[in-house]
Amino acid sequence: MRLALLTTIVLIAFALNSILNRMAVGNGEIDAIAFAVIRALAGAIILAVLVLARRCALPMFRSARIVGAGSLTLYLVGFSIAYVQIDAGLGALLLFGGVQVTMFAGSVIGGERPPARRWTGAALALAGLAWLSWPTGSAAVPLVAVVAMLLAAVGWGIYSLAGRGATDPMAETGANFAWSVPPLLLVSLLRPAQIDGITATSTGIALAVVAGALTSGLGYALWYTVLPKLGATRSALLQLTVPIIAMAMGAVLLGEGVTGRMIGAALLTLGGVAYGLGAFQRRTGSSGS
């Protein structure tokens, strides 16, 4: 029960990241790259403060940082670059599809053998997400943006796989965020002074801080806490619910419309996830993921 509750909180935090991004970037309060820089910096600061309050230190120079911080940076940079040019729905499909492939591949390479129903469930859930996310009209798909989002997906998949071995989730997440700040600052400096005429407002900055400190910083630390118990393929499958949760939140918090297509896609996605997690509900004593 505790694992289910913590996992639900994490997934809601991930969905809130999407909502905060829409409120800030989507409403023109701040550009995507500046949002990412402030988000990473706020996450690093809040986690560093909490870790230091425990009289501990951030593990900045451990070998695990190469994978953890490197993959998080790849995700944040790729995500920021992609969403400057790509449709949000198509971006979500590329991101979560890429995460599925990365994490399932990582689990197989690591010697895990997910049951057939989990593969089937993932396929059904991805089909639902494709139905939900694919643009209905003509949509620009710049090659650079597509490649950037796929790299972001690989980065997040690797980051999640690395989290299964976290011994101090808060400290390790804080160190990862701290190392992600310099590359993001570099990307920010290399971009045009303004993107599409957008100048950061106080509202946009505040939303980025909330996203960084709460839904990203603390949310990712909690993600590293539950990952060892979930395993690779379960955690990959569960993440497919994030766009559905975000869709529901968008309807409630932002007044976004809900169509029959969205309801059907949500039912297919959630049904696929539920089917794929059937083995998780029938506990057999196996710890495989």
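Rounded to the nearest 0.05, what FRET efficiency do Arg62 and Met1 give with R0 = 41 Å and r taken as the Cβ-Cβ distance? Could you check?
Approximately 0.80, to the nearest 0.05.
Treat each spin label as a single point 7 Å out from the Cα along the C-beta direction, and report the Ile263 to Ser188 distance in nm.
So the label points at Ile263 and Ser188 sit 4.3 nm apart.
How many nm separate the modelled label positions at Ala116 and Val144, each set 7 Å beyond the Cα in the direction of the Cβ?
The answer from the label model is 4.7 nm.
Summing -39500 (n - 2.57) over the DSSP H runs of n ≥ 4 in the chain and dividing by its residue number, what mean residue ellipticity at 222 nm do you reach, to the nearest 500 deg cm²/dmol?
So the calculated ellipticity at 222 nm is -23500 deg cm²/dmol.
Counting only C-alpha contacts under 8 Å and six or more residues apart, can you give the relative contact order of the chain as a whole percent?
It rounds to 39 percent for the chain.
Pick out which of Ile33, Ile66, Ile205 has the largest mean-square fluctuation in a Gaussian network model of the chain, springs linking Cα atoms closer than 10 Å.
Greatest mean-square fluctuation among the candidates belongs to Ile66.
Return the distance in nm (one decimal) between the two label points of a simple spin-label model at Ile198 and Ala123, each offset 7 Å from Cα along Cα→Cβ.
Between Ile198 and Ala123, the label points sit 3.8 nm apart.
Using the Karplus equation 6.51 cos²θ - 1.76 cosθ + 1.60 (θ = phi - 60°), what ³J(HN,Hα) coupling, rounded to whole Hz, does each residue of segment 202-210 give in order, writing x for Gly and Pro?
For segment 202-210, the Karplus-derived couplings read 4, 5, x, 5, 4, 5, 5, 5, 4 Hz, x marking Gly and Pro.
Can you sort Thr201, Thr215, Thr225 from fewest to most other Cβ atoms within 10 Å of each residue's own Cβ?
With the fewest neighbours first, Thr201, Thr215, Thr225 line up as Thr201, Thr225, Thr215.
Here, each number is a calculation from the coordinates, and none is a lab measurement. Keep in mind that this is a model prediction, so the values were computed, not measured. Ideal geometry is used to build each Cβ from the backbone, glycine not excepted, and the neighbour counts take in all protein chains shown.
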